[in-house]
Amino acid sequence: MKKEVQQLVDKGVMLPLMEEFYSIQGEGFHKGTAAYFIRVGGCDVGCHWCDVKESWNAELHPPTAIEAIVENAAKYSKTIVITGGEPLTWDMEPLTEMLKEKGMQTHIETSGAYKLTGIWDWICLSPKKMKLPTEEVYKAANELKVIVFNNDDFRFAEEQAAKVGPDCILYLQPEWSKREKMSPLIVDYVMQNPKWKVSLQTHKYLNIP
Ligand SMILES: C[S@@+](CC[C@H](N)C(=O)[O-])C[C@H]1O[C@@H](n2cnc3c(N)ncnc32)[C@H](O)[C@@H]1O
Ligand SMILES: Nc1nc2[nH]cc(C(=O)O)c2c(=O)[nH]1
Ligand code: SF4
Ligand SMILES: [Mg+2]
């Protein structure tokens, strides 16, 4: 990458854009709501079951000016979901400031592993054991969405729930490849521990992006 472009990416005024699409939020609190998704490349958290491993290497995704991203997004929806990759790899301040100026609702999907930047109407925190969230993002999270791949993830979920604020909504979401095995266990767990709710990746059942 050219030095000038790298500097703009470092400032968050250009971002490695993997894809953008208009769809329905499939997961968590806002599931069922139409939203425009902006998928920013770059993640080194390394979840072995990640369903977008193509996003990890930021260099494969073209640095894109945030003006262009925002102008395009505004044509589709008032609700914008910033995901990745790990969006907090980058400074989210310039992008979200511009989205807020246009009156958009800004939502983020994040592991919380890096410094929390940006102006957010909704923060979905999905913590990962390999790189735990920063202390500040626990306090700011509106929903906690723990992925259940095996039994130890129930223990991890409780440990993570102890760190979020009192109004944070708690979700257990089956890891997609383990959904047949883990979904019945999640159902039992939620009935026994009703502070939790079930979240499914409904977009995958609907065959939409
Ligand atoms: C691809 S990640 C991108 C955002 C951010 N890096 C994160 O992990 O939150 C978007 C959401 O999908 C979840 N996810 C990724 N792979 C999954 C899988 N195989 N099954 C279920 N959920 C998955 C993540 O936990 C996260 O909540
Ligand atoms: N429809 C749809 N909903 C989603 N919610 C979170 C997603 C993500 O990959 O971050 C996602 C996604 O990829 N598609
Ligand atoms: S943190 Fe998110 S994008 Fe990164 S590997 Fe894990 S699920 Fe994939
Ligand atoms: Mg997804």
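Where a number appears in this text, it was derived from the coordinates with a stated rule and is not lab data. Note that the structure is predicted; figures quoted are calculated from it, not measured. Cβ sites come from the backbone with ideal geometry, for glycine too, and all protein chains shown count toward neighbours.
Tell me, please, whether a residue that is assigned to a loop (DSSP other than H, G, I, E, B), within 13 Å of ligand 4 (Cβ to nearest atom) and touching a helix residue (DSSP H, G or I) at 6+ places or on another chain (Cβ under 7 Å) can be found in the stretch 5-19.
no
Anything in the stretch 199-209 that is under 14 Å from Lys145 (Cα atoms) and either in contact with a strand residue (DSSP E or B) (Cβ under 6 Å, 6 or more places away or on another chain) or not aliphatic (A, V, I, L, M) (or both)? List them, or say none.
Ser199, Gln201
Just to check your reading of the model, which residue among Tyr138, Tyr171 is away from ligand 1 (no atom under 11 Å from the Cβ) and buried (at least 19 other Cβ atoms within 10 Å of the Cβ)?
Step by step, each of Tyr138, Tyr171 is checked, and only Tyr138 is away from ligand 1 (no atom under 11 Å from the Cβ) and buried (at least 19 other Cβ atoms within 10 Å of the Cβ).
I'm trying to understand the selection: among the residues of the stretch 105-125, which are in a strand (DSSP E or B) and either among the basic types (Lys, Arg) or touching a residue at least 24 places away in the same chain (Cβ under 8 Å) (or both)?
Result: Gln105, Thr106, His107, Ile108, Glu109, Thr110, Trp122, Cys124, Leu125.
So which residues in the stretch 126-159 are free of Cβ contacts under 8 Å to residues at least 12 places away in the same chain and either in a strand (DSSP E or B) or not acidic (Asp, Glu) (or both)?
Hit for the stretch 126-159 is Arg155, nothing else.
Can you tell which of Met182, Met191 is within 11 Å of ligand 1 (Cβ to nearest atom) and over 19 Å from the mean Cα position of the chain (by Cα)?
Residue meeting the stated conditions: Met182.
Residues to consider are Leu206, Leu132, Leu185; find the one that is within 16 Å of ligand 2 (Cβ to nearest atom) and not aromatic (Phe, Trp, Tyr).
Leu206
Report, by residue number, each residue of the stretch 77-121 that is more than 13 Å from the chain's Cα centre (by Cα), of a type in the set (Gly, Ala, Ser) and within 15 Å of ligand 1 (Cβ to nearest atom).
Listed by number, the list holds a single entry, Gly118.
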